[in-house]
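Trainee: Sharing a structure with you now.
The values are calculated or read from the model by the stated rules, or taken from the named source; none is laboratory data. Given the structure is predicted, the values throughout are model-derived calculations rather than measurements. When we count neighbours, we look across all protein chains shown, and the Cβ atoms used for this are built from the backbone with ideal geometry, even at glycine. Side chains are part of the model used for accessible areas, which takes the heavy atoms of the whole protein and leaves out ligands, DNA and RNA. Shrake-Rupley method; radii C 1.70, N 1.55, O 1.52, S 1.80 Å.
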Amino acid sequence: MAKYKYVTEFELRAGVKMLFPYLSNPGEMQEWLADQVNISNDKVYEFVWEDDQRKAKIATKRTNSHIKYIFIQDGEEDDDDPSYLEFKINFNEMTQSSFLKVIDYSDMDDEEELEDLWVHLVGKLKETVGG
């Protein structure tokens, strides 16, 4: 099945130093992104949504700027076209706002459903960070 790349951006009234932990730390990600987020000793993240469980590793990370999670299948990292979730933050000095770009590359190809999902999730994030 072909993958679909969904890209969207949201404005949040929060600084990057306040926002970044919510994109990178399991405890903070649990507050808005997933029902449960765990990290193992070998730095494998486990995301749990209701009955769905996915494992991922950080592919790239630049503190207070961006982070990219690559999802792994059954402990295998050799997938030729892995699903991933990437967050990029840009800060606008003039408006004192952060802009969160979400890149969701997965098997899910219903753009309307993806939009509803991310509006809902980032809405929870905004409530959490007060932005």
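Trainee: Looking at K57, is it closer than 15 Å to A14 by Cβ, at pLDDT 90 or above and either touching a His at 6+ places or on another chain (Cβ under 9 Å) or open to solvent by 30 Å² or more (accessible area, probe 1.4 Å) (or both)? Write out each step before concluding.
Mentor: Values: closer than 15 Å to A14 by Cβ: no; at pLDDT 90 or above: yes; either touching a His at 6+ places or on another chain (Cβ under 9 Å) or open to solvent by 30 Å² or more (accessible area, probe 1.4 Å) (or both): yes.
For K57, the condition - closer than 15 Å to A14 by Cβ, at pLDDT 90 or above and either touching a His at 6+ places or on another chain (Cβ under 9 Å) or open to solvent by 30 Å² or more (accessible area, probe 1.4 Å) (or both) - is not met.
Trainee: Kindly provide the set of residues from segment 63-116 that are surrounded by fewer than 11 Cβ atoms within 10 Å (Cβ to Cβ) and under 17 Å from the mean Cα position of the chain (by Cα), ordered by number. First the steps, then the outcome.
Mentor: If we filter segment 63-116 for residues that are surrounded by fewer than 11 Cβ atoms within 10 Å (Cβ to Cβ), which is where we start, we get 74-76, 78, 80-81, 92-96, 107, 112.
Listed by number, the list holds a single entry, D107.
Trainee: Restricting attention to segment 46-67, report how many residues are touching a residue at least 24 places away in the same chain (Cβ under 8 Å) and within 24 Å of E127 (Cα to Cα).
Mentor: The total comes to 4.
Trainee: Quick check on segment 14-25: of everything there that is closer than 15 Å to L85 by Cα and in a helix (DSSP H, G or I), which residue is nearest to the chain's Cα centre (by Cα)? Show your work before the answer.
Mentor: Quick first cut of segment 14-25, residues closer than 15 Å to L85 by Cα only: 20, 22-25.
Cutting the leftovers down to in a helix (DSSP H, G or I) gives us 22-24.
Numbers: Y22: 9, L23: 6, S24: 8 Å.
Here the residue is L23.
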